[in-house]
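Worksheet for the structure shown next.
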Amino acid sequence: MYISLISPQVVNENIEDPNWRFFDCRFVLTEPEKKQAEFLEGHLPGAMYAHLNHDLASPPILGKTGRHPLPKIEDLTKTFSEWGINPSNQVVIYDDTGGIYAARLWWMLRWLGHNAVAVMDGGWTRWVKEERPVSEDIFLPETVKFCVSLQEHLSVSADDVLNYIDNPEVRVFDARSRERFCGENETLDPVAGHIPSAVSSPFDGNLDSDGNWKSKPALRKMYLELLNGLSADQTVTYCGSGITACHNILSMFYAELGDSRLYPGSWSDWITIPERPIA
């Protein structure tokens, strides 16, 4: 069972296994339909497309939610059932942006209790570079009953985060760029800044210059310094809308440090209530 990262070579060795499920999460925030069109032109054999806005998030409510609120559990259960995911399936997910969208689906499946899920290291870019098989065929799975076992401890609310501010027993990580953390060059959200006492931990620090994940020892060293004596389960990670934060959570998990918790609404949800403190 692969539960964090998986290499393209191992994926290729199992590409015809009927018990494996493959998902393409390629996406561009500013052109939400672009990558689905590219998926139709070529993807991993047997892969299905998971659309960030349609499948991995609910429509946002202006002034009330973040930009990518989690779908209702019953809606996700229906989606995962239609995707043919049963308890015995090994799920593999990829994108072409270093794993930021793939990590979101990785986290969601684990949140609902499916642990046999891994993100392909290097994603579509590495797959194509290594000249591995590409298909235009559309895989239509048989609908099954997805079994939910909600892992409530993996997520926290805004009220939880409010209580964690200045709490020495909890560390809050911000996965956005250092510029946005500092309130500079904010182009996505109407309010700039960060949650008070949060620690800047940009998700791209998890990747090497080729867009692959850094080695396990390198990630472990980096996060042990950021954790500063705390464990991963004593941390909460957020970003702009609950997407790139999952990249940090996956990286800590891959480094065998445990599970950080996700604030799904993240910064775009935090700022919907003006009374919440901002740094």
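Some observations on this one:
- For F173, residues with placed amide H under 5 Å, excluding near neighbours: V199, V236, T237, Y238
- Distance histogram for segment 153-270 (every C-alpha pair counted, 10 angstrom bins, percent rounded to whole numbers): 15, 49, 31, 5
- Based on C-alpha pairs under 8 angstrom that are at least 6 apart in sequence, the chain has a relative contact order of 22 percent.
- Taking amide H atoms as placed 1.01 Å from N in the peptide plane, the amide H of R21 lies under 5 Å from those of Q90, V91, V92, each 5 or more residues away in sequence or on another chain.
- Convex hull projection area averaged over all views, segment 5-129, Cα basis, nm²: 7.7
- Neighbour counting of Cβ atoms within 10 Å sorts the residues Y164, Y94, fewest neighbours leading, into Y164, Y94.
- Computed over the chain, Kirkwood Rh from alpha-carbon pairs, angstrom: 19.0
- The HN-Hα couplings worked out from phi for segment 225-232 by the Karplus form 6.51 cos²θ - 1.76 cosθ + 1.60 (θ = phi - 60°) are 5, 5, 5, 6, x, 8, 9, 4 Hz, whole numbers, x standing for Gly and Pro.
- Segment 100-202: mean projected area of Cα convex hull, nm²: 10.6
- Put in order of Cβ neighbour count within 10 Å, fewest first, the listed residues T244, T125, T143, T187 become T187, T143, T125, T244.
- Look at K145, K78 and count the other Cβ atoms within 10 Å of each Cβ; fewest to most, that gives K145, K78.
- Of K64/K145; K35/K221; K34/K129; K129/K221; K34/K221; K129/K214, those spanning more than 27 Å from alpha-carbon to alpha-carbon: K64/K145; K35/K221; K129/K221; K34/K221
- The chain - share of DSSP beta bridges that are antiparallel (%, nearest 5): 10
- Working note: Karplus 6.51/-1.76/1.60 with θ = phi - 60° gives segment 73-80 the couplings 4, 5, 6, 5, 4, 5, 4, 5 Hz, where Gly and Pro are set to x.
- Charging the Cβ of each Asp and Glu at -1 and of each Lys and Arg at +1, and nothing else, the dipole of the chain about its Cα centre rounds to 400 debye.
- Across segment 271-278, coupling constants 3J(HN,Hα) worked out from phi with the 6.51/-1.76/1.60 Karplus curve, θ = phi - 60°, read 7, 6, 10, x, 6, 5, x, 9 Hz, and Gly and Pro carry x.
- Segment 8-82 and segment 184-203 have Cα centres separated by 26 Å.
Bear in mind that the values in this text are calculations on the coordinates, not laboratory data. Keep in mind it's a predicted model, so treat the numbers as computed, not measured. All Cβ positions, glycine included, derive from the backbone under ideal geometry; neighbour counts span all protein chains shown.
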